[in-house]
1. Kindly provide the set of residues from region 125-158 that are on the phi > 0 side of the Ramachandran plot and not acidic (Asp, Glu), ordered by number.
2. Given (1) under 16 Å from residue 124 (Cα atoms); (2) at pLDDT below 95, where does residue 3 come up short, assuming only one miss?
3. Go through region 1-13 and count every residue that is more than 9 Å from the ligand (Cβ to nearest atom) and under 10 Å from the mean Cα position of the chain (by Cα).
Amino acid sequence: MQLGLVHLHNLLRWVILILLVTAIVKTYIGSKKSNAVLLSADKKIGLFTLISSHITLLIGIYQLLLGRFGILVTELPAGESFMKNRFFRFYWMEHPLLTILSVVCITAAYSQLKKNKPDVQKYAVAFKLYLVALALLLLAIPWPFRADIGRALLPGMH
Ligand code: HEM
């Protein structure tokens, strides 16, 4: 089950990225029309981005605590600090921190879409939040080219 969750966590990254890019394009288009009317399809994309990122977050929290390298089940060599170890610093701190901030932006963007204000303003603020969320995710993902921490682009790939 452990590996299955890592695979799902890996795969959901693509779902989030595709939805996020779509949300960015849609909110950008909406923010450029002064008489824009919030489309229910655009709200749905926001909702699916929210759901997929929250599922990934929950799996991530489980992995961080009890996964293969979980904080609660891993013993670092005596005298070793996780901050001095590139691998653990990334998976225990940098990756969780940046991804959680990204999910906060995705959540805030969706709540903008539900606010009681002109639709063009909802689109404009959501667009900025989605852009920040994407930048944070691109920094947080362990892309294969990243030394020591890089992972496969798809589950089971090497
Ligand atoms: C929501 C956005 C997130 C994305 C897109 C994401 C993406 C990824 C990817 C692509 C991997 C590599 C998986 C593999 O080896 O195949 C990974 C691993 C990992 N992620 Fe995330 N992650 C996210 C959130 C989180 C959060 C919030 C946490 C912790 C609170 C977390 C903790 C971890 C851990 C501990 C691993 C290593 C798992 C292992 O190798 O056993 N992730 N993540």
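The values are calculated or read from the model by the stated rules, or taken from the named source; none is laboratory data. For clarity, every value in this text was computed on a predicted model and none was experimentally measured. All Cβ positions, even for glycine, are placed from backbone atoms using ideal geometry, and neighbour counts span all protein chains on display.
1. Within region 125-158, the subset on the phi > 0 side of the Ramachandran plot is 148, 156.
Across region 125-158, the qualifying residue is only 156.
2. The single condition residue 3 does not satisfy is (1).
3. Qualifying residue count for the region: 0.
Residue-wise test of (1) more than 13 Å from the ligand (Cβ to nearest atom); (2) within 30 Å of residue 32 (Cα to Cα).
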residue: 67; (1), (2): no, no
residue: 113; (1), (2): yes, yes
residue: 126; (1), (2): yes, yes
residue: 136; (1), (2): no, yes
